[in-house]
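Contents: one structure, followed by commentary.
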Amino acid sequence: MKAFSNGERIIYQIYPKSFMDSNHDGIGDLNGIITRLDYLKALGVNTLWLNPIFVSPQIDNGYDVSNYFMVDPILGTMEDFDNLVAAVHNKGMELILDFVLNHTSDQHPWFKDAAANPHSIYRDYYLWGKGKGNQLPNNWASFFGGSVWEKDPAGTDDYYFHLFAKEMPDLNWANQEVRQAMVDVAKFWLQHDIDGFRLDAFIHTAKANFEQNVFSKDSTEPQLAEEFYANLPQVQNYLSEFIQELRKLKSDIFILGEAASADIDLVESYTDPQRSMCDSVVTFRYFSDDQDQQFSTAIPEQGQPHKLDLVKFKQTMVKWQTVLQGWSYPTLYWSNHDLPRILDKLMVASDQQNNAAKMLAVLMYLQRGIPCIYYGEELGMTAGILTDPAEFEDPNALEFMKIGTEKGFEHIELLKSLSASHKMGARSVMQWTDGVSAGFSDQDPWLSAKGNGANVLLEKQDPNSVLAFYAKVLSLKQKQLYTVGQIVFDLSNRDVYAYKRSFDTHQAYIFCNLSAKEQEVSLPADCSDLRIQLKSQVKVDHTTAKIKLDPYGTIVLER
């Protein structure tokens with residue numbers, strides 16, 4: 001099968017535990033995905049990205065790997081995996097795996113041996129710092145809270161480094177044996193016929209000298225220190241070496257990098273077409289919170305949904321689209337497993353959510369780049385409301401519930417707020433039907449969250465559904481006009497996201513209303529031959545050459 005070009009690629013992200021259960025245990029699995037391939041093919045996607053499937057203690061839902069060479073039994077077997085790859089390829093689609101390469105689980109044999117014996121050959125596979133009594137090597141903070149340092153289980157004065165949970169020690173990428181081991185793991189999965197990888201947290205593989213501290217005059221608590229453990233120059237050398245080795249085995253491998261904090265200049269470097277780098281990277285820099293949003297002061301802000309600033313988003317995205325044009329393809333996405341779902345961040349009225357979902361699909365995915373659709377987004381899914389605070393797996397969530405209860409807030413009100421703002425709310429099960437467990441399983445799902453009622457069965461019967469609209473958007477996306485065409489933006493109206501795509505003699509004009517108010521825009525000059533390809537919530541007046549966009553309305557015109 002011929003590999004897709006980057007412009008042609010349309011990715012669908014599957015969180016395996018939440019997609020489809022086939023063996024009646026309430027946990028999604030590989031065979032469940034196989035049963036839904038026809039649905040994904042009909043939607044119009046051509047590349048499936050699976051969140052980690054390797055053996056894991058599940059401290060961080062699979063991002064803590066204890067065996068890279070086997071599928072976790074809760075998801076299936078290696079035979080199931082091979083069957084999935086074959087089935088995906090038979091449908092004319094491709095499969096990429098989430099590859100965790102910055103750290104392992106503390107249950108990985110390498111770390112267990114390193115922690116049991118200071119003279120272990122695997123000791124240098126990890127990062128260690130010298131403490132002085134109870135004094136930590138430095139004051140750097142982990143992304144999961146607290147220090148990056150944890151005492152050596154072997155009882156020495158050493159501490160091991162963990163950028164995430166303490167059960168997830170970081171690998172020492174300065175060790176050539178570690179780099180070779182990661183290449184060997186990747187090649188193993190390429191030999192099982194996969195088509196590429198999403199590289200998790202690759203920007204953290206290089207660290208600065210541990211003797212440096214972050215200055216803070218206000219606090220003795222550990223301090224986030226991204227300047228010392230994110231996007232350091234050596235990362236690019238590690239990345240290029242790693243990808244170059246994989247391309248020796250599979251020249252057309254697709255590499256999607258996770259570069260959460262990367263700015264536009266770094267993204268250019270990480271996707272340099274003249275070097276062995278990523279085909280595209282995911283950055284979180286697209287999205288900014290609305291600074292004018294008013295929060296309740298009675299409860300922590302961290303547990304309250306943060307509204308997306310669409311006007312600021314527009315400014316940012318125009319820059320990224322313009323700078324990367326002719327260089328590499330940006331990843332186009334609204335949601336993923338680490339973020340709240342987009343409709344929760346938009347905070348539109350419930351009766352406008354479907355209109356907003358349609359508008360967002362046109363706005364994002366007909367731009368220049370690679371669509372990356374988070375499962376259920378095509379239905380207009382919002383966060384599932386978790387019923388058990390412990391399922392957030394987050395001490396801050398428990399503290400939010402405690403404070404809110406003491407302040408007299410209703411239990412369900414607090415859970416709704418947390419679910420809409422927390423990544424776990426975005427991991428609720430895929431909603432296939434309006435039946436038991438949303439058709440995901442005939443058992444209670446692994447996550448107790450209840451969704452918003454949008455489901456595949458209902459929407460397949462409705463030609464005006466969000467699902468039907470997404471399929472039309474992705475059908476348009478397959479045209480050369482949108483895969484390789486140039487893009488130019490019209491910035492004349494701050495509340496309208498407007499752009500033009502051009503290829504050969506063809507043009508497309510796209511208008512998206514970002515606001516809850518009607519907006520009016522002018523049709524392009526010489527518009528007599530323009531055809532409406534797709535629309536939602538618009539009125540076109542050809543006599544005055546005007547388009548009226550209802551709240552969250554959108555239209556695509558082509559010639």
Item to complete: Compare the Cα positions of Ser276, Val323, Gly453 along the charge dipole of the chain (+1 at Cβ of Lys, Arg; -1 at Cβ of Asp, Glu; about the Cα centre) and return the one farthest towards the positive end.
Response: Val323
Worksheet, complete the sentence: With a 1.4 angstrom probe the carbon and sulfur portion of accessible area for the range 299-368, in percent, totals 48
Worksheet item: What pairs from Lys112/Lys132; Lys151/Lys407; Lys312/Lys402 go past 32 Å between their alpha carbons?
Response: Lys151/Lys407; Lys312/Lys402
Discussion item. Between Asp252 and Gln315, how high is the FRET efficiency from 1/(1 + (r/R0)^6) when r is the Cβ-Cβ distance and R₀ = 35 Å? Nearest 0.05.
Written reply: 0.50
Discussion item. Under a Cβ-only charge scheme (Lys and Arg +1, Asp and Glu -1), can you give me the dipole magnitude of the range 109-161 about the Cα centre, in debye to the nearest 20?
Written reply: 80
Worksheet item: Accessible surface of Lys187 in the full protein assembly, 1.4 angstrom probe, to the nearest 10 Å²?
Response: 50
Worksheet, complete the sentence: Taking Cα atoms only, helix 234-249 is inclined relative to the longest principal axis of the chain by an angle, in degrees rounded to 10, of 80
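Report the Rg/Rh value for the range 181-272, based on alpha-carbon coordinates and the Kirkwood definition of Rh.
Dividing the radius of gyration by the Kirkwood radius yields 1.08.
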Worksheet item: Helix 411-421: angle to the longest alpha-carbon principal axis of the chain, degrees 0 to 90, nearest 10?
Response: 80
Response to the item:
For the chain, the longest principal axis of the Cα atoms and the Cα long axis of helix 310-324 enclose an angle in degrees, to the nearest 10, of 80
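Just need the relative contact order of the range 486-558 here, percent rounded to a whole number, with Cα pairs under 8 Å and 6+ apart.
Worked out over the range 486-558, it gives 31 percent.
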Worksheet item: Accessible area per residue of the range 109-161 at 1.4 Å probe, in Å²?
Response: 50
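Place the peptides 417-423, 133-139 in order of packing, highest mean first, counting for every residue the other Cβ atoms within 10 Å and averaging per peptide.
Going by the mean number of other Cβ atoms within 10 Å, highest first, we get 417-423, 133-139.
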Fill in: 3J(HN,Hα) from dihedral phi, the range 475-484, Karplus parametrisation 6.51/-1.76/1.60, rounded to Hz, x for glycine, proline
5, 4, 4, 6, 6, 4, 3, 9, 7, 10
Worksheet item: Where the centroid of each part is defined by its Cα atoms, how far is the range 387-420 from the range 23-67 in Å?
Response: 28
Worksheet item: How big is the range 431-559 by the Kirkwood estimate over distinct Cα pairs, in Å?
Response: 16.9
Worksheet item: Once the convex hull of the C-alpha atoms of the chain is built, how many Å³ does it hold per residue, rounded to a whole number?
Response: 159
Response to the item:
Violations at 23 Å Cα threshold for listed pairs Lys517/Lys539; Lys358/Lys460; Lys166/Lys423; Lys423/Lys517; Lys91/Lys535 -> Lys423/Lys517; Lys91/Lys535
Worksheet, complete the sentence: Taking every C-alpha to C-alpha distance in the range 486-558 and binning by 10 Å from 0, the per-bin percentages run 21, 57, 22, 1
Worksheet entry | Net charge of neighbours whose Cβ lies under 11 Å from the Cβ of Gln486, counting Lys and Arg as +1 and Asp and Glu as -1 | +2
Practice prompt. Determine, from the Cβ-Cβ distance of Phe143 and His119 and an R0 of 25 Å, the FRET efficiency 1/(1 + (r/R0)^6), rounded to the nearest 0.05.
Written response: 0.20
Practice prompt. With only alpha-carbon atoms counted, please give the Rg and Dmax of the range 441-482, in Å.
Written response: 15.1, 46
Fill in: About the Cα centre, charge dipole magnitude for the chain (Lys/Arg +1, Asp/Glu -1 at Cβ), debye
1800
Worksheet item: Taking +1 at the Cβ of each Lys and Arg and -1 at the Cβ of each Asp and Glu, which of Leu95, Phe161, Gly32 sits farthest along the dipole of the chain towards its positive end, judged by Cα position relative to the Cα centre?
Response: Leu95
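The values are calculated or read from the model by the stated rules, or taken from the named source; none is laboratory data. Not measured: the values here are computed from a predicted model. With ideal geometry, Cβ positions are generated from the backbone for all residues, glycine too; neighbour counts draw on all protein chains shown. Remember, those area values only see protein heavy atoms, side chains included, never the ligands or the DNA or RNA. Shrake-Rupley method; radii C 1.70, N 1.55, O 1.52, S 1.80 Å.
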